[in-house]
Amino acid sequence: MVKKWIYKSAAPQEDVDRLMAEVGVSETVASLLAQRSIRNYEEAKAFFRPSLAHLHDPFLMKGMDIAVNRLQEAFQQREKIMIYGDYDVDGTTSVALVYGFIKTLYPNVAFYVPDRYKEGYGVSTKGMEYARDNNFKLIISLDCGIKAVDRIQQAKDYGIDFIICDHHRPGEILPPAIAILDPKQQDCPYPFTELSGCGVGFKFMQGYCQRFDIPERKLFAFLDLVAVSIAADIVPVSDENRVLAHFGLKLLNKKPSHGLKALMNLGGGMNKMSISAIVFGIGPRINAAGRMAHASGAVDLLLAKDEVEAEQLAKQIESKNEIRRNFDSNITAEAIEMIESQGDDNAKSTVLFKSDWHKGVIGIVASRCIDKFYRPTIIMTESNRKATGSARSVNGFDVYEAISECAELLDQFGGHRYAAGLTMDIDKVDAFREKFNRIVAERITEDQLTPQLNVDRRIALNEVNYKLYNILKQMAPFGPENMTPIFVSENLKVVDRPRLLKGEHLKFKVTQDGNEEPIEAIGFGFGQYYDLVSSGMRFRMAYSVEENTYMGRKNLQLYVKDIKFEE
């Protein structure tokens with residue numbers, strides 16, 4: 001697919017000049033910082049040297065006072081507390097953090113994760129009945145609950161108090177919980193709205209520590225879980241999330257929990273952990289537990305008390321992940337075939353339903369379809385005699401808003417701008433497809449239907465050196481709102497003969513004017529450019545700068561993001 005290169009707006013020159021003078025960096029680095037709204041030495045210092053002192057006051061979050069006091073009351077009254085969380089990575093890490101931390105202070109606590117297939121997303125009737133039958137008096141929901149008005153009323157009718165910790169958008173009516181912690185509430189003054197669900201749970205526990213003089217270092221021992229949630233839930237790696245991710249990754253790389261270490265050891269072991277290593281390595285494995293079986297297995301792993309228990313549980317999860325991979329590839333192939341058989345190259349969206357698809361992988365399949373066709377996509381299957389689906393979107397298009405306009409056809413829905421879930425009667429699928437497709441067609445722009453590559457800056461190839469790389473490395477952790485810098489260099493030419501790896505990857509050495517030392521580049525999935533690159537044609541290339549280690553030797557390597565050949 002042809003990508004449109006979008007160059008970031010040039011930063012104000014006075015900011016760039018100030019940073020060059022105050023921080024002592026090159027114009028390229030100063031521009032990268034200014035593009036990230038860093039304007040002076042103090043802001044650069046906070047960016048390059050995150051501190052736990054930079055975390056916001058948890059009591060700025062609406063409801064924190066009430067939540068902290070109600071938890072203390074539960075401890076004093078010796079009440080049974082249920083920690084209730086969703087079955088994805090954010091939900092299971094949230095449960096592991098809040099349950100694991102409370103367990104160090106108080107014994108009468110248990111956790112509950114709903115069954116993806118029997119109970120569905122969020123707070124369930126079965127979960128509330130279980131709480132009633134087992135005499136729980138307080139439920140803390142994590143990464144869910146903000147739209148569970150009926151279920152939380154049900155808990156209230158049973159005499160159970162509810163504290164909601166969520167980060168999803170609230171509906172028009174808030175549930176009758178005793179306290180709601182959600183920075184996306186309209187009247188919540190908390191200065192950062194983009195916490196993960198686990199991040200909200202962390203702030204709740206931080207508030208408790210501060211109010212009752214518990215050393216916060218006890219809570220900081222769980223930051224590896226927060227980093228995993230930030231990465232897997234694809235929330236912005238800025239502001240408070242950047243601090244949490246920085247220290248969580250530090251912990252993950254030095255002294256991870258037994259469970260996370262066991263996951264890192266799978267498949268020959270993962271090297272230095274980063275946001276993307278979590279997204280592609282740890283996240284899918286934790287998710288596989290809830291997709292292929294019950295997600296409580298993932299929580300058990302994250303809470304494992306020793307290496308032996310962790311390794312056994314990790315092996316079980318890895319076998320689930322293998323099954324997930326098979327379902328994923330088979331259903332993706334079927335979905336792509338269905339789209340191609342429709343023969344509508346001008347379609348602006350995709351809605352597919354097949355009753356025997358595995359519910360656990362439909363979100364992944366939706367993402368794979370977007371990789372190929374690049375348009376908002378909803379993949380649905382049958383579960384509990386209903387059509388249930390996962391939606392994924394393209395850059396700039398709010399799929400949650402489009403789904404919400406079809407609310408009269410739906411039993412329930414929830415999610416974010418780029419990812420959502422929905423349930424409806426099977427006989428309403430056709431009407432939903434027609435209305436959703438019409439809404440998307442009316443609103444989506446051609447730009448939104450063209451994959452974009454965001455470019456930070458044009459640079460000369462001779463700027464790529466270890467001095468630049470060592471500064472770029474300190475700009476991590478990378479993720480939404482602080483992506484790995486992408487550069488473009490022009491008038492490039494390959495020297496020596498390029499190599500084709502496994503028939504699909506391209507490895508070559510590139511030079512700009514023929515004078516400087518050639519730099520090695522690798523383009524994963526760029527094998528189709530082999531003949532053009534070999535021909536000696538000049539080209540422009542978008543790339544990131546990485547370090548490659550081979551047989552103990554290190555060298556800089558350009559990771560190709562896209563190539564455009566000169567006319």
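All of the numbers you see were taken from the coordinates with simple rules; none came from a lab. Just so you know, these numbers come straight off a predicted model, no measurement behind them. Methodologically, a virtual Cβ is constructed for each residue, glycine included, from the backbone with ideal geometry; neighbour enumeration extends over all protein chains shown.
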Item checked: GLU490 paired with VAL308, simple spin-label distance in nm, labels 7 Å along Cα-to-beta-carbon -> 6.5
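Enumerate by residue number the trypsin sites (Lys or Arg not before Pro) in the stretch 95-201 meeting two conditions: DSSP loop (anything except H, G, I, E, B), and at most 13 other Cβ atoms within 10 Å of the site's Cβ. Don't jump to the answer; show the numbers that get you there.
Numbers: sites: LYS103, ARG116, LYS118, LYS126, ARG132, LYS137, LYS147, ARG151, LYS156, LYS184; in loops: ARG116, LYS118, LYS147, LYS184.
Within the stretch 95-201, the qualifying trypsin sites (Lys or Arg not before Pro) (loop, at most 13 other Cβ atoms within 10 Å) are LYS118.
Cα convex hull of the stretch 525-567: how many Å³ per residue?
Convex hull volume per residue, Cα atoms: 97 Å³.
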Item checked: Neighbour cut-off at most 14 other Cβ (10 Å), DSSP loop, GluC sites (Glu not before Pro), the stretch 397-498 -> GLU405, GLU446
Notebook entry, point to check: Residue by residue, what Karplus-based ³J(HN,Hα) values in Hz, rounded to whole numbers, does the stretch 111-116 have, using 6.51, -1.76 and 1.60 with θ = phi - 60° and x for Gly and Pro?
Noted result: 10, 9, 10, x, 7, 3
Next item on the list: Sort out for me the Cα centre separation of the stretch 373-392 from the stretch 315-336, rounded to whole Å.
Entry: 17
Notebook entry, point to check: Looking at the stretch 422-528, which chymotrypsin sites (Phe, Trp or Tyr not before Pro) are DSSP coil and have at most 15 other C-beta atoms within 10 Å of their C-beta?
Noted result: PHE524
Note to self: Starting from the 7 Å offset along Cα-to-Cβ, what nm value, one decimal, do you get for the label separation of GLU446 and GLN76?
What the structure shows: 6.7
Next item on the list: Give LYS156/LYS250; LYS272/LYS320; LYS80/LYS203; LYS359/LYS507; LYS184/LYS320 a once-over and call out the pairs whose C-alpha atoms are over 31 Å from each other.
Entry: LYS156/LYS250; LYS359/LYS507; LYS184/LYS320
Notebook entry, point to check: When you count, for each residue, the other Cβ atoms within 10 Å and take the mean per peptide, how do 499-506, 292-299, 277-284 rank with the highest first?
Noted result: 292-299, 277-284, 499-506
Checklist line | Alpha-carbon Rg with Dmax, taken over the stretch 416-567, Å | finding: 20.7, 68
Margin query: Can you compute the modelled spin-label distance between ASP157 and ARG438, with each label point 7 Å from Cα toward Cβ, in nm?
Written below: 3.7
Next item on the list: Determine by what factor the alpha-carbon radius of gyration of the stretch 58-316 differs from 2.2 N^0.38 Å, reporting the quotient.
Entry: 0.94
Item checked: Descending Cα extents along the principal axes, the stretch 51-151, whole Å -> 43, 30, 25
Checklist line | Value of Rg/Rh across the stretch 40-103 [Cα atoms, Kirkwood radius] | finding: 1.13
Check: Considering the stretch 336-398, what Rg and Dmax in Å follow from its alpha-carbon atoms?
Finding: 11.5, 34
Notebook entry, point to check: Can you give the helix-only mean residue ellipticity at 222 nm for the chain, where every DSSP H stretch with n ≥ 4 adds -39500 (n - 2.57) and the sum goes over all residues, rounded to the nearest 500 deg cm²/dmol?
Noted result: -12500 deg cm²/dmol
Item checked: Quarter of the Cα convex hull surface for the chain, i.e. its orientation-mean projected area (nm²) -> 27.5
Next item on the list: Quick one: Debye curve from the alpha-carbon atoms of the stretch 122-239 only, equal weights, vacuum; give me log10 I(q)/I(0) at q = 0.11, 0.13, 0.17, 0.18 Å⁻¹ to two decimals.
Entry: -0.40, -0.55, -0.91, -1.00
Margin query: Just to compare against my own numbers: the Cα pair-distance distribution for the stretch 344-443, 10 Å bins, whole % per bin, please.
Written below: 17, 56, 26, 1
Note to self: If you scale each eigenvalue of the Cα gyration tensor by 5 and take the root, what three semi-axes come out for the stretch 433-519, rounded to whole angstrom and sorted largest first?
What the structure shows: 36, 20, 14
Checklist line | Restraint check, LYS45/LYS467; LYS8/LYS348; LYS137/LYS315; LYS8/LYS254; LYS62/LYS261, Cα-Cα greater than 28 Å | finding: LYS137/LYS315; LYS8/LYS254; LYS62/LYS261
Next item on the list: Output the peptides 356-362, 242-248 sorted from most to least packed, where packing is the average of other Cβ atoms within 10 Å over each peptide's residues.
Entry: 242-248, 356-362
Check: By how many nm would the segment from ASN462 to ALA53 grow when fully extended, if each residue of separation counts as 0.36 nm and the alpha-carbon distance is taken off?
Finding: 143.4 nm
Notebook entry, point to check: Could you give the alpha-carbon Rg of the stretch 275-350 over 2.2 N^0.38 Å, rounded to two decimals?
Noted result: 1.49
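Hey, what's the Kirkwood Rh for the stretch 323-372 if you take every pair of different alpha carbons, in angstrom? Show your work: numbers first, answer last.
Numbers: mean 1/r = 0.0886 Å⁻¹.
Value: 11.3 Å, from the Cα pair sum.
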Note to self: Quick one: 3J(HN,Hα) in Hz for the stretch 56-71, Karplus 6.51/-1.76/1.60 with θ = phi - 60°, rounded, Gly and Pro as x.
What the structure shows: 6, 5, x, 6, 6, 7, 4, x, 5, 3, 5, 4, 5, 5, 5, 5
